[in-house]
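The values are calculated or read from the model by the stated rules, or taken from the named source; none is laboratory data. Worth saying up front: this structure is predicted, and the values here are computed from it rather than measured. Neighbour counts run over all protein chains shown; Cβ positions are idealised from the backbone, glycine included. Surface accessibility is based on the protein's heavy atoms, side chains included, excluding ligands, DNA and RNA. Shrake-Rupley method; radii C 1.70, N 1.55, O 1.52, S 1.80 Å.
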Amino acid sequence: MKIAVTYENGQIFQHFGHTEMFKVYEVEDGQIKNTDLVSALGSGHGALAGFLNLNRVDTLICGGIGAGAQNAL
């Protein structure tokens, strides 16, 4: 399973649509197997949803998310 967290300065970033980085956790058998910082290229909510899909992310954790981003996901 892959879990992506909107990320900035070591914390969950507060706005999904403006995040420039994701911290991606790869979890297996209930344990974190790998972490990566991945640039999202500051793409906006529609492109970010595609980015998460392309990277096979199963779960998103973010500080806040609007209706447009929810629909895109």
Loop-located trypsin sites (Lys or Arg not before Pro) in the chain whose Cβ has at most 14 other Cβ within 10 Å (DSSP): R56
In Å², nearest 10: area of D36 left accessible to a 1.4 Å probe: 80
Fraction of accessible area attributable to carbon and sulfur, the chain (%, probe 1.4 Å): 46
DSSP bridge pairs, the chain: antiparallel proportion in percent, nearest 5: 85
Sequence of L48, L37, L60, L54 from largest to smallest accessible area, 1.4 Å probe: L54, L37, L60, L48
Answer label, with Rg and Dmax of the Cα atoms in Å calculated from the coordinates and candidates [x] 11.5, 33; [y] 12.9, 47; [z] 15.0, 49: [x]
Sequence of I65, I32, I3 when ordered by accessible area, the most exposed leading, probe 1.4 angstrom: I32, I65, I3
